């Protein structure tokens, strides 16, 4: 060995000894008498007054310490006994094996619940993934895709807080089952106050525009009048819509026939579209303000005419009062009635050249009528007159008047069954005219006249009393 090699080895030995002295392994300090002797050979060179080994040791203090084995005492059989450090390590390993052996059942017991939890979570995850489904929900034209656990459409709408009313449409139906990839459409109903050709009613539609509502309601809109454009949107609150469809209308005017298609609101508007004008009293067979119906025929009436004033009588009234001084059946006129008069204005019209029945348009009373007053007797007539009851009075009446109580001679002087004149009748207690008295009273007055004058008042028929 050369000197340089010996110096290098000495330096390594010094470094190892310094480390062993500074940091004993396992907390055991090597005894002083066990310190190895310095190596033989020339002294190590110095650096700055210090040995090289010491300087190197100072420079390498960051390196982990190396354990220095204790010198082993020879065994009696000549073999080397294990060192103290190795014995401690072996004992530590045996203790660890005992701990692992004794702790294995506890570890298994701790691992078993954890394994069950993992298995449960794995199964729940599988069930979770199996019931979760992706569906597309379109509410009133607004689509969205979502994940849901709902089994049917009704549950999906309830989960998403989508209300559905009686006029709304749900497709598929609420009871339909849901599967992944399904699409559910909800269309809300909208009220429409519809006036169609003059008929007003409320209808419901799920369309969101006027054009869609017309198609849904089956309304023919070609050539029709619409109060709102077809592209107008219908909100949830609805809207008011006036629709007048195109109709065929025929006019008969001035001997000609004219047919046109119109969506006019009144017959008068349709007349203007047809170029027909009304003058003076002209009118149509239906009210000009009426709604024209499809296929309707309207006649234009050209009217001309004048007015005429006529005087007409007014009949008087008869007022009757009861009088117990007069025999029953007797009526006496206390005040003669008189007719009144009035002026009546008539319109004389000619329609399309044909005269019409005069139409009364005004009247004026020029003289009021006078009411006639009549007394009506209620007194019972006498049953007989002594000395005259046995005579043939019916024969006399037949001869004088033909048996007619109301008979009146051509001169108007004599009247009744027995042809009394007014003076004689009143002298016998009669009232009014004799022909106005009942037959019984006339016979009674005739008997009284016979008692006082005999048959002389009837010179030609008096002899009939005795037959």
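The values are calculated or read from the model by the stated rules, or taken from the named source; none is laboratory data. This structure is a prediction, so every number in the text was calculated from the model and none was measured. Backbone-built Cβ (ideal geometry, glycine too); neighbour counts: all protein chains shown.
Residue 349: surrounded by 12 or more Cβ atoms within 10 Å (Cβ to Cβ) and either on the phi > 0 side of the Ramachandran plot or at pLDDT below 95 (or both), yes or no? Yes.
Is it the case that segment 443-452 has a residue that's surrounded by 13 or more Cβ atoms within 10 Å (Cβ to Cβ), outside the structural domain of residue 326 (by TED's automatic domain parsing) and under 25 Å from residue 336 (Cβ atoms)? Yes, that holds for at least one residue.
Only helices (runs of 4 or more DSSP H) whose full extent lies in segment 352-455 are considered here, and the ones with at least 3 residues that are closer than 22 Å to residue 333 by Cα and more than 60 Å from the chain's Cα centre (by Cα) are 422-427, 439-453. Restricted to strands (runs of 3 or more DSSP E) entirely inside segment 178-235, those with at least 2 residues that are under 30 Å from residue 133 (Cα atoms) are 183-187.
Within segment 316-323, does at least one residue satisfy the condition of being surrounded by 15 or more Cβ atoms within 10 Å (Cβ to Cβ) and modelled with pLDDT of 95 or more? For segment 316-323, residues surrounded by 15 or more Cβ atoms within 10 Å (Cβ to Cβ) and modelled with pLDDT of 95 or more: present.
Residue 413 falls short on exactly one of the conditions (1) touching a strand residue (DSSP E or B) at 6+ places or on another chain (Cβ under 7 Å); (2) surrounded by fewer than 16 Cβ atoms within 10 Å (Cβ to Cβ); (3) in contact (Cβ under 8 Å) with a residue 12 or more places away in the chain, and that condition is (3). When 212, 238, 218, 173 are checked against the criterion of being farther than 30 Å from residue 150 by Cβ and surrounded by fewer than 17 Cβ atoms within 10 Å (Cβ to Cβ), a single residue qualifies: 218.
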